[in-house]
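Colleague: Take this structure, written in structure tokens, and hold onto it; I'll ask about it next.
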Amino acid sequence: MKGSLTIFFIFVVSVAAMIVAAALFGIVFFLSLESVTAIREVGLKLFSPDWYPVWSEPDFGIRTMLLNTLLLTFWTSLWVWFIGIICAFYLHRFAKGKEKEFMLRILEYVSSIPSVVLGFFGVVVVGSMLLKFGAWTAQNFLNASIMLAVLTLPFMISLAYQSFEKVPREVIEGCVSLGAKDSHLMYVELRHALPGIVNAMMVVFNRIFGETMIVLMVAGGANILPRSFFDPVRPLTAALGSEIGEVEVGSLHYSSLFFIGFLLLIGSLLLNLLTNYFVRKTERWIKG
Amino acid sequence: MKWLFRIVAYTVFVALVIVIVTIISSGIGYLLKPGFFTQFPKSGMSEGGIFPSLVGSLLLIILVFLITIPVGLLGTIFISEFAPRRFSILLQSLVATMNSIPSIVYGLFGLSFFCVKLGFGTSLISASLTLSTMAIPFFMNSAVEFTRAVPRELREGVIALGANKIQSTLMVLKASKSGLLTAVILTLGRAFSETAPILVTGAVFYATKLPSRITDPVMTLPTSIYAIVMNLGEKAQWMAKGMASLMVLIMIAIYSVVQILRRNKDE
């Protein structure tokens, strides 16, 4: 009697785990299924620059939007990484007691702000501020970049901080006793914390890459390549978010939007693999 | 060097504090307005209150809770207690991968599967199923860490006392209770603040009555903020400000509870 109950229990828990695994395959399956029409009918023209999905002779080219996504993601990631590592090192090395506690708490609260609220803040506050500084439109590349940074900096700082904290004491003490200055110390600690920091960098990159609400609200939505920081842009996720609600199910437009989603999915899965690869590689360096 | 770092760090932190304080303070006054929580929005959302959005968000969270926590908890038990070692590692990396997929992709999946294939349409149930698809890996990702953290000796001790697999599992759940509670709260917070999937699968921007069946579409707080900013003019903006500050206050409350839980565990 007891035995059959246990077997039933094992059955239930394994089914629950299988549901999760099935969900991932379901996501890949449904996104590729829905984008087949676009791939078959539009073909390589999907990568042409013009996106006019509802014209009488529609164009479904995503190249401009893809470049916008890449530009915005790389640029924002770069300065979030840089500033994030500096702040994390400050927290780890110089901040003391109450100051540190307060900063960590602020990070946690800021990381909890919903992205739609940040988008709203970007439209209302940052937008009007940028207009005063000479931007010709309130929603632009710089605005999106700033709000994405506010969204991701807390993750970057706290993840990098955690990996700095894991650097063994002996390494630091050894450095100090050899007479290392702060800058040398930072270099050594950075090398040792590298797996965690690479992971944090990739998390941030992935988050910016897939973020929808902020770019939808503050990036401006113009399908052009930006020439300055004040130009409006339209990344892939913004097109998805704004058009998927009003499209006819099963049409070519619907299908090409799913193709965009499919690209995002593939991109984030590849990023994940890359992250694992780099983390493992850097870990190997530390172990020697 | 120390001072250079200090200047950079202080600038960043002051900016972050300004963001959070501005969001809260610009809207907190409206929360005290009579009827803000109990009235329907009127005349193009420039008057009235946020009642339907609040109820919609609440219903959504309740449904997500009912779907996510049982499945997530059972899945966690399988990964940490029953699965063979290699399989468990595989499942864990699968869950971590799912956790990093952009939320709009879950929205598309929900649209294609729940709304169109299963025929639920734009509805409360599609939205909550879609959110759950996203929330379950999120929950499992953090919950597994807590059940893993239960020391080996405890498990072995219970088994040595003659407990079977179910009893030892219950012991593990009991021992990681506060951690699991943290995971539940964080998951619900995540589901509460996520916008893109609901926007695609279950939200309407304006409704004159509450959803009466689970196949009705809903208004929620995040999608209402989006709708006001994108579609309505300056006149309605106060309502978005109120909702934004309400959402941030709720999230801060959630994280404060988590911090208290964490501190209790440390002591």
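The values are calculated or read from the model by the stated rules, or taken from the named source; none is laboratory data. Since this is a predicted model, take the numbers as computed values, not measurements. All Cβ positions, glycine included, derive from the backbone under ideal geometry; neighbour counts span all protein chains shown.
Colleague: Does A:Val20 count as under 30 Å from A:Ala149 (Cα atoms) and either within 11 Å of another protein chain (Cβ to nearest Cβ) or of a type outside the set (Ser, Thr, Tyr) (or both)?
Modeller: No.
Colleague: Are any residues in the range B:1-33 over 27 Å from A:Val126 (Cα atoms) and either in a helix (DSSP H, G or I) or touching a Gly at 6+ places or on another chain (Cβ under 9 Å) (or both), and if so, which ones?
Modeller: Selection gives B:Lys2, B:Trp3.
Colleague: While we're on this one: When residues of the range A:134-183 are filtered for being crowded, with 17+ Cβ neighbours inside 10 Å, among the small types (Gly, Ala, Ser), more than 19 Å from the chain's Cα centre (by Cα) and within 13 Å of chain B (Cβ to nearest Cβ), how many remain?
Modeller: Looking only at that region, the number is 1.
Colleague: Kindly provide the set of residues from the range A:194-213 that are under 16 Å from A:Ser158 (Cβ atoms) and among the β-branched types (Val, Ile, Thr), ordered by number.
Modeller: Correct list: A:Ile197, A:Val198, A:Val203, A:Val204.
Colleague: Going by the structure shown, is A:Ser4 over 17 Å from A:Phe258 (Cβ atoms), without any contact (Cβ under 8 Å) to a residue 24 or more places away in the chain and more than 10 Å from chain B (Cβ to nearest Cβ)?
Modeller: So A:Ser4 passes the test.
Colleague: Additional query: Failed condition for B:Leu181, given (1) surrounded by fewer than 19 Cβ atoms within 10 Å (Cβ to Cβ); (2) modelled with pLDDT of 85 or more; (3) farther than 18 Å from B:Pro70 by Cβ, with all others met?
Modeller: (3)
Colleague: Could I ask something else about it? Are any of the residues in the range A:184-200 within 10 Å of another protein chain (Cβ to nearest Cβ) and in contact (Cβ under 8 Å) with a residue 12 or more places away in the chain?
Modeller: Yes: the range A:184-200 contains one or more residues that are within 10 Å of another protein chain (Cβ to nearest Cβ) and in contact (Cβ under 8 Å) with a residue 12 or more places away in the chain.
Colleague: Only one residue in A:Ile113, A:Ile157 is free of Cβ contacts under 8 Å to residues at least 40 places away in the same chain and of a type in the set (A, V, I, L, M). Which one?
Modeller: A:Ile113
Colleague: Now, a different point. For residues that are assigned to a helix (DSSP H, G or I), of a type outside the set (D, E, K, R) and surrounded by fewer than 20 Cβ atoms within 10 Å (Cβ to Cβ), scanning just the range B:80-92, find the one that is nearest to the other protein chains (Cβ to nearest Cβ).
Modeller: Checked the range B:80-92; the qualifying residue nearest to the other protein chains (Cβ to nearest Cβ) is B:Phe82.
Colleague: For the list (1) free of Cβ contacts under 8 Å to residues at least 12 places away in the same chain; (2) buried (at least 19 other Cβ atoms within 10 Å of the Cβ), I need the number of the one condition that B:Ile77 fails.
Modeller: (1)
Colleague: Which residue pairs have Cβ atoms under 7 Å apart, sit 6 or more places apart or on different chains, and have a first residue in the range B:107-132 that is at negative phi and a second that is of a type in the set (Asp, Glu)?
Modeller: Between residues of the range B:107-132 that are at negative phi and residues that are of a type in the set (Asp, Glu), the close pairs are B:Ser112/A:Glu34; B:Ser123/B:Asp216; B:Leu124/B:Asp216; B:Leu131/B:Glu194.
Colleague: Which residues, taken from the range B:115-160, are modelled with pLDDT under 90 and within 11 Å of chain A (Cβ to nearest Cβ)?
Modeller: Answer for the range B:115-160, where residues must be modelled with pLDDT under 90 and within 11 Å of chain A (Cβ to nearest Cβ): B:Cys115, B:Val116, B:Lys117, B:Gly121, B:Thr122.
Colleague: Here is a further query. Counting only residues that are over 28 Å from the mean Cα position of the chain (by Cα) and exposed (fewer than 15 other Cβ atoms within 10 Å of the Cβ), which one in the range A:9-33 is nearest to A:Tyr254 (Cα to Cα)?
Modeller: Initially, the range A:9-33 is screened for residues over 28 Å from the mean Cα position of the chain (by Cα), giving A:9-16.
Narrowing the set further to residues that are exposed (fewer than 15 other Cβ atoms within 10 Å of the Cβ) leaves A:11-12, A:15.
Values: A:Phe11: 39, A:Val12: 37, A:Val15: 33 Å.
Residue satisfying both the conditions and the ranking: A:Val15.
Colleague: Let me ask another. Going through the range B:1-55 one residue at a time, which ones are touching an Asp or Glu at 6+ places or on another chain (Cβ under 8 Å) and more than 28 Å from A:Leu153 (Cβ to Cβ)? Break it down stepwise before answering.
Modeller: If we filter the range B:1-55 for residues that are touching an Asp or Glu at 6+ places or on another chain (Cβ under 8 Å), which is where we start, we get B:1-2, B:41.
Of everything in the range B:1-55, just one residue is touching an Asp or Glu at 6+ places or on another chain (Cβ under 8 Å) and more than 28 Å from A:Leu153 (Cβ to Cβ), namely B:Pro41.
Colleague: While we're on this one: Which of the following residues is more than 10 Å from chain A (Cβ to nearest Cβ) and assigned to a helix (DSSP H, G or I): B:Lys209, B:Lys265? Can you show your working first?
Modeller: Working: B:Lys209 fails: assigned to a helix (DSSP H, G or I).
Being more than 10 Å from chain A (Cβ to nearest Cβ) and assigned to a helix (DSSP H, G or I) holds for just one of B:Lys209, B:Lys265, which is B:Lys265.
Colleague: Which residues, counting only those in the range A:73-95, are part of a helix (DSSP H, G or I), of a type in the set (A, V, I, L, M, F, W, C) and within 14 Å of chain B (Cβ to nearest Cβ)? Spell out the reasoning first.
Modeller: Step one: of the range A:73-95, the residues part of a helix (DSSP H, G or I) are A:73-93.
Next, from what is left, pick out any that are of a type in the set (A, V, I, L, M, F, W, C): A:74-75, A:78-83, A:85-89, A:91.
Within the range A:73-95, A:Trp79, A:Val80, A:Trp81, A:Phe82, A:Ile83, A:Ile85, A:Ile86, A:Cys87, A:Ala88, A:Phe89, A:Leu91 qualify.
Colleague: If you don't mind, there's one more thing I want to ask. Among the residues in the range B:245-256, are any among the hydrophobic types (A, V, I, L, M, F, W, C), at pLDDT 90 or above, within 25 Å of B:Ala135 (Cα to Cα) and loosely packed, with under 14 Cβ neighbours inside 10 Å? First the steps, then the outcome.
Modeller: Going through the range B:245-256, the residues among the hydrophobic types (A, V, I, L, M, F, W, C) turn out to be B:246-254.
So of that shortlist, the ones also at pLDDT 90 or above come out as B:246-254.
Filter once more, so that each one left must be within 25 Å of B:Ala135 (Cα to Cα): B:246-254.
Checking which are loosely packed, with under 14 Cβ neighbours inside 10 Å leaves us with B:253.
Yes, the range B:245-256 has at least one match.
Colleague: Hey, another quick one. So, restricting to helices (runs of 4 or more DSSP H) that lie completely within the range A:174-288, which ones have at least 1 residues that are over 30 Å from B:Gly119 (Cα atoms) and polar (S, T, N, Q)? Show your work before the answer.
Modeller: Numbers: elements: A:182-210, A:213-218, A:236-243, A:252-287.
Where helices (runs of 4 or more DSSP H) fall fully within the range A:174-288 and carry at least 1 residues being over 30 Å from B:Gly119 (Cα atoms) and polar (S, T, N, Q), they are A:182-210, A:252-287.
Colleague: Can you find a residue in the range B:244-257 that is assigned to a helix (DSSP H, G or I), within 12 Å of another protein chain (Cβ to nearest Cβ) and touching a strand residue (DSSP E or B) at 6+ places or on another chain (Cβ under 9 Å)?
Modeller: No, the range B:244-257 has no match at all.
Colleague: Being surrounded by fewer than 20 Cβ atoms within 10 Å (Cβ to Cβ) and in a loop (DSSP other than H, G, I, E, B) is the filter; apply it to the range A:96-133 and report the residue that is farthest from the other protein chains (Cβ to nearest Cβ).
Modeller: Within the range A:96-133, the match that is farthest from the other protein chains (Cβ to nearest Cβ) is A:Phe133.
Colleague: Could you list, ordered by first residue, the pairs with Cβ atoms under 7 Å in which the first is in the range A:63-84 and closer than 18 Å to A:Ser111 by Cβ and the second is surrounded by fewer than 18 Cβ atoms within 10 Å (Cβ to Cβ), at least 6 apart or interchain?
Modeller: Here the result reads A:Ile83/B:Val8, each pair linking the range A:63-84 to a residue that is surrounded by fewer than 18 Cβ atoms within 10 Å (Cβ to Cβ).
Colleague: Output the number of residues of the range A:85-95 satisfying the condition of being farther than 21 Å from A:Leu151 by Cβ, buried (at least 18 other Cβ atoms within 10 Å of the Cβ) and touching a residue at least 40 places away in the same chain (Cβ under 8 Å).
Modeller: Of the residues in the range A:85-95, 2 are farther than 21 Å from A:Leu151 by Cβ, buried (at least 18 other Cβ atoms within 10 Å of the Cβ) and touching a residue at least 40 places away in the same chain (Cβ under 8 Å).
Colleague: Specify which of the listed residues (A:Leu118, A:Leu72) is at pLDDT 90 or above, touching a strand residue (DSSP E or B) at 6+ places or on another chain (Cβ under 7 Å) and either closer than 29 Å to A:Ala160 by Cβ or not polar (S, T, N, Q) (or both).
Modeller: On the way: A:Leu118 fails: touching a strand residue (DSSP E or B) at 6+ places or on another chain (Cβ under 7 Å).
Checking each option against the conditions leaves just A:Leu72.
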